[in-house]
1. Would you check which residues across region 278-298 are under 37 Å from the mean Cα position of the chain (by Cα) and buried (at least 20 other Cβ atoms within 10 Å of the Cβ) and list them?
2. Out of 251, 207, report the one residue that is buried (at least 20 other Cβ atoms within 10 Å of the Cβ) and of a type outside the set (S, T, N, Q).
3. Considering each of 70, 43, 50 in turn, give the residue that is within 20 Å of residue 220 (Cβ to Cβ), touching a residue at least 60 places away in the same chain (Cβ under 8 Å) and assigned to a helix (DSSP H, G or I).
4. Out of (1) without any contact (Cβ under 8 Å) to a residue 24 or more places away in the chain; (2) surrounded by 15 or more Cβ atoms within 10 Å (Cβ to Cβ); (3) not aromatic (Phe, Trp, Tyr); (4) not in a helix (DSSP H, G or I), what's the single condition that is false for residue 236?
5. So, in region 77-97, of the ones that are exposed (fewer than 12 other Cβ atoms within 10 Å of the Cβ) and in contact with a strand residue (DSSP E or B) (Cβ under 9 Å, 6 or more places away or on another chain), which residue ends up nearest to residue 128 (Cα to Cα)?
6. Six or more apart or on different chains, Cβ atoms under 9 Å: show the pairs whose first residue is in region 150-166 and within 19 Å of residue 119 (Cβ to Cβ) and in contact (Cβ under 8 Å) with a residue 24 or more places away in the chain and whose second is among the basic types (Lys, Arg) and surrounded by fewer than 17 Cβ atoms within 10 Å (Cβ to Cβ).
7. If we scan region 358-372, do we find a residue that is among the charged types (D, E, K, R) and buried (at least 18 other Cβ atoms within 10 Å of the Cβ)?
8. Looking at 127, 158, 131, which is the one that is outside the structural domain of residue 74 (by TED's automatic domain parsing), out of contact with any strand residue (DSSP E or B) (no Cβ under 9 Å at 6 or more places or on another chain) and under 24 Å from residue 207 (Cα atoms)?
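The values are calculated or read from the model by the stated rules, or taken from the named source; none is laboratory data. Remember, predicted model here, so these are calculated numbers, not experimental data. Every residue, glycine among them, receives a Cβ derived from its backbone with ideal geometry; neighbour counts consider all protein chains shown.
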Amino acid sequence: MEKIRVEKLYKVFGPQPNKAIQMLEQGASKSEIMEKTNCGVGVNNTSFSVDEGELVVVMGLSGSGKSTLVRCINRLIEPTRGKVYIDGTDITSLNTEELRKVRLKKLGMVFQNFALFPHRTVCQNAEYGLEIKGMPLDERRKKAYEALELVGLAGWEESLPDQLSGGMQQRVGLARALALDPDILLMDEAFSALDPLIRRDMQDELISIQERMRKTILFISHDLDEALKLGDRIVLMKDGEIVQVGTPEDILTNPANDYVRRFVEDVDITKVLTAESVMKKTEAVGYLKTDGPRAALRKMRKNSISNLFVLDESRKLMGVVTAQDCARLVQEESRDLASVVCTSCKTAHLDTPAQDLFVIMQDLGYPLAVVDDDNRLKGVIIRGSLIGALAERGGN
């Protein structure tokens, strides 16, 4: 279900915004518009949507319009033209009081600078939005403590901001937004002021929180690696326009134009591609309930393979058998296929990064099984096909 929809949004700064939009529609560049109208183009005819529970990263270089775009979505900046819908409600048509209610109920914002009150404790900062909503002290204090624990700041509730590191202060900002329990989090370059190691920790923290809470998140970033790590999808902007929207793999493997191609050319594709991207269909499988060693051998012989993955009746992976072990059972006139199933066979999850697959497959004498959350077999990876898939997509 759509939580955010942006339709043909423009933001022009300056004295002649309508003339500037007309020129944009006729193909004029930002520099031409500035020269002829003294107007700056922030956002140029952007349209996209964000689904419920999705983390979408809007990224681009400095001046691309990404921060202006996110501020138009909650109307910290008034759009010049276009529509923004939150849960189907046109935000651009709301009066001041209606907009205030939507912000308090549905939207949480985390800024690049921590924007903490220096004279308030960590807890008092985290509960600030709830205080504005008029929530009683005991209730808002409880929610603030819960949010601070969620971001790893339990025990720091009564400290002052200047007693915290930069990363910890950013966690307070995130807790303040989470305490409101908003449907949507807007995060404007939230981690860019942090040192690299702390920044990675905060990215991991956000991924962990998202796995538990499944918020709808619009995350602004200028860092491609950050976008690839966090985003379910990426909205890539240039000069106020959206140049491509897609999954990290879409952006890397099917760049929309030369600009996107240059943007992503130095990325290590193995960090983005997953087991699901490079697996292939299983040639044959055995079923523990119905297959004996003779049937297993027949399937292996027919498909020219020397190992066979064995499943139960619901396609859950039970393990792997070898042709050698099955042949021994036939000689012994045994039908007990379960006795030779190796139940400790290595597996990869669908979202296992390609760079990790080589380590898992090291010295592995059979294909790598790819399973879902329920341990159902979804496909297999063979070393040669993995290398080929990466080469096809431009991997190093």
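1. As a first pass, look at region 278-298 and keep what is under 37 Å from the mean Cα position of the chain (by Cα): 278-287.
Answer for region 278-298, where residues must be under 37 Å from the mean Cα position of the chain (by Cα) and buried (at least 20 other Cβ atoms within 10 Å of the Cβ): 278, 279, 286.
2. Working: 207 fails: buried (at least 20 other Cβ atoms within 10 Å of the Cβ).
Step by step, each of 251, 207 is checked, and only 251 is buried (at least 20 other Cβ atoms within 10 Å of the Cβ) and of a type outside the set (S, T, N, Q).
3. Details: 43 fails: assigned to a helix (DSSP H, G or I); 50 fails: assigned to a helix (DSSP H, G or I).
Only one candidate qualifies: 70.
4. Among (1) without any contact (Cβ under 8 Å) to a residue 24 or more places away in the chain; (2) surrounded by 15 or more Cβ atoms within 10 Å (Cβ to Cβ); (3) not aromatic (Phe, Trp, Tyr); (4) not in a helix (DSSP H, G or I), the lone unmet condition for residue 236 is (1).
5. Going through region 77-97, the residues exposed (fewer than 12 other Cβ atoms within 10 Å of the Cβ) turn out to be 78, 88, 93, 95-97.
Adding the requirement that they be in contact with a strand residue (DSSP E or B) (Cβ under 9 Å, 6 or more places away or on another chain) leaves 78, 88, 93.
Numbers: 78: 25, 88: 28, 93: 27 Å.
Per the criteria, the residue is 78.
6. If the second residue must be among the basic types (Lys, Arg) and surrounded by fewer than 17 Cβ atoms within 10 Å (Cβ to Cβ), the pairs left are 160/120; 161/120.
7. Restricting attention to region 358-372, the residues satisfying the condition of being among the charged types (D, E, K, R) are 363, 372.
Remaining after also requiring buried (at least 18 other Cβ atoms within 10 Å of the Cβ): none.
Looking through region 358-372, none of the residues is among the charged types (D, E, K, R) and buried (at least 18 other Cβ atoms within 10 Å of the Cβ).
8. Details: 158 fails: under 24 Å from residue 207 (Cα atoms); 131 fails: under 24 Å from residue 207 (Cα atoms).
Selected residue: 127, the only one of 127, 158, 131 that is outside the structural domain of residue 74 (by TED's automatic domain parsing), out of contact with any strand residue (DSSP E or B) (no Cβ under 9 Å at 6 or more places or on another chain) and under 24 Å from residue 207 (Cα atoms).
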